[in-house]
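The values are calculated or read from the model by the stated rules, or taken from the named source; none is laboratory data. Just so we're clear, the structure is a prediction, and the values are computed from it rather than from any experiment. All Cβ positions, even for glycine, are placed from backbone atoms using ideal geometry, and neighbour counts span all protein chains on display.
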Protein chains: 4
Amino acid sequence: MKLEMNASEVEGYIDEVFPQIADYGFCVENLEVGKISVSMKITDKHLRPGGTVSGPTMFTLADCASYLIVLAHIGKVALAVTTNLNINFISKPEGDLIADAQLLKLGKRLAVCEISIRSKVTETLVAHATATYSIPPSR
Amino acid sequence: MKLEMNASEVEGYIDEVFPQIADYGFCVENLEVGKISVSMKITDKHLRPGGTVSGPTMFTLADCASYLIVLAHIGKVALAVTTNLNINFISKPEGDLIADAQLLKLGKRLAVCEISIRSKVTETLVAHATATYSIPPSR
Amino acid sequence: MKLEMNASEVEGYIDEVFPQIADYGFCVENLEVGKISVSMKITDKHLRPGGTVSGPTMFTLADCASYLIVLAHIGKVALAVTTNLNINFISKPEGDLIADAQLLKLGKRLAVCEISIRSKVTETLVAHATATYSIPPSR
Amino acid sequence: MKLEMNASEVEGYIDEVFPQIADYGFCVENLEVGKISVSMKITDKHLRPGGTVSGPTMFTLADCASYLIVLAHIGKVALAVTTNLNINFISKPEGDLIADAQLLKLGKRLAVCEISIRSKVTETLVAHATATYSIPPSR
């Protein structure tokens, strides 16, 4: 495994193809072979009753972090597609979040990632996910 | 199992506690014991590269439909919490979507739902999910 | 979608390639396009404390039923591989079990199945699973 | 979090309540707060066509390791029940296996574990799972 894009290329790619998620405030904090850390600024629009960050918001962060670690390794030509995402919500999130995603597998046809989402301040685990991406044959 | 809220009470409850998701254009199309159908108007903001509806958007629809079927049966006093959601993305979605959620289990502590998301026009299955909710003891 | 094997061919194939699971007492009760029903005789060796059927036993039944419905459609030449299985245990099983598996997707590279396991006598849902299979390119 | 049982108590408990799985050759290699390592001797009966360890066998190992780490922390009086297990099969297993399970959450009502299964010799990741257990109120 080696990287095909660096952190700023990966972030630039988000802005280009996902303008809709620009307002999520994602930031690639770290990128190395097999691993990425993506932070997210939490604002009112991501909150649920009781002040908790919504499940869909955490899903978005998990999916984005793992999508980016896959793209960082296969290059932006390829359009990987999420085929499965399983998420466990562990504890009530507080404040900004950080997702650490790692590649469990990078095959020719499938990539599998594991993602831990923590509160940036307290480092408490708030959610844990695994995601599978289908990699197009044109790769 | 019996319903504690009807379709319009359930929709009113969304508007009240989830103002953030008002712009998702969810509509409860049908509600009966153990089953709900929730439709969603797709607009540009839910789209991904290639014109496909984003994974997070489908997650939101799946989570919302299953959350509502749980609330419809336990009443709005209770605050159920999503503990797990597993989603398989099956085919490229086109146009507005409809989610059919059914209760697989409604226990004292846990509720489990199964959700099929289809294109409203073609009826093609675009995603399938299962979700678990923890029901607070104060119930 | 069309069937490449009938029920007895599918059962014969199990005996041939999975002699280890012969003692599970699986029986293909019904097979049609997109759907299969596989029953299982429960004996002492599948039981857990409290007389419940073990999780691994229900996993085996879910995996077997969905594997067989995939093979029935792609033919026995192909060796499909389980890539993901997510199972929710719903209620305490009693007596013999029956698994109804349906194909949610049969793509060139991936097949996705949904499986409901019920008590054969009471028809109570005891477990629900989804499974993904990778289909080899040589197909 | 603190341990209520040590490694040999945990192993003794398996032999007592799960005599059926004695022939799986499970061995608790390490147990500390929040973590357990359980090894498994692979024999012919766990093999699938192509010489690969069967999915159900890896499910059993994942479920057992995570069940034991939960019991080690709540004590053997309690009967935790698996409510959900999601497993990704990553690569073809070879030889004996070792499962490293860690507690992601130990709540009053739910425990969530993450499990990595590796080949004991090559240390290659062969499967990754997450599992949820319901903890009875009598705790």
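Summary table below
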| read-out | value |
| --- | --- |
| Candidate set from the range C:58-72 (those that are free of Cβ contacts under 8 Å to residues at least 60 places away in the same chain and more than 8 Å from chain D (Cβ to nearest Cβ)); member that is nearest to D:Asn84 (Cα to Cα) | C:Leu61 |
| Count of residues meeting criterion [of a type outside the set (S, T, N, Q) and without any contact (Cβ under 8 Å) to a residue 40 or more places away in the chain] in the range B:78-113 | 10 |
| Per-region count, the range D:76-111, residues basic (Lys, Arg) and facing another protein chain (nearest Cβ under 7 Å) | 2 |
| Residue satisfying condition, being modelled with pLDDT under 90 and either over 15 Å from A:Thr132 (Cα atoms) or more than 11 Å from the chain's Cα centre (by Cα) (or both), within set A:Thr52, A:Thr83 | A:Thr52 |
| Test set (1) outside any loop (DSSP other than H, G, I, E, B); (2) more than 14 Å from chain C (Cβ to nearest Cβ); (3) in contact with an Asp or Glu (Cβ under 8 Å, 6 or more places away or on another chain); (4) not hydroxyl-bearing (Ser, Thr, Tyr) - D:Val121 fails condition number | (1) |
| Test: residue in the range B:95-106 that is in contact with a Cys (Cβ under 7 Å, 6 or more places away or on another chain), surrounded by 21 or more Cβ atoms within 10 Å (Cβ to Cβ) and not in a strand (DSSP E or B) | no |
| The range B:1-38 - residue that is in contact with a helix residue (DSSP H, G or I) (Cβ under 9 Å, 6 or more places away or on another chain) and among the polar types (S, T, N, Q) and, of those, modelled with the lowest pLDDT | B:Gln20 |
| So C:Pro137, is it at pLDDT below 90, within 25 Å of A:Val112 (Cα to Cα) and surrounded by 24 or more Cβ atoms within 10 Å (Cβ to Cβ) | no |
| Residues that are touching a Pro at 6+ places or on another chain (Cβ under 8 Å) and not in a loop (DSSP other than H, G, I, E, B), drawn from the range A:59-83 | A:Phe59, A:Thr60, A:Asp63, A:Val81 |
| Single unsatisfied condition, A:Asn86 versus (1) farther than 22 Å from C:Asn86 by Cα; (2) part of a strand (DSSP E or B) | (1) |
| Meets criteria (within 24 Å of D:Glu9 (Cβ to Cβ), touching a Lys or Arg at 6+ places or on another chain (Cβ under 8 Å) and modelled with pLDDT of 95 or more) for D:Ala78 | no |
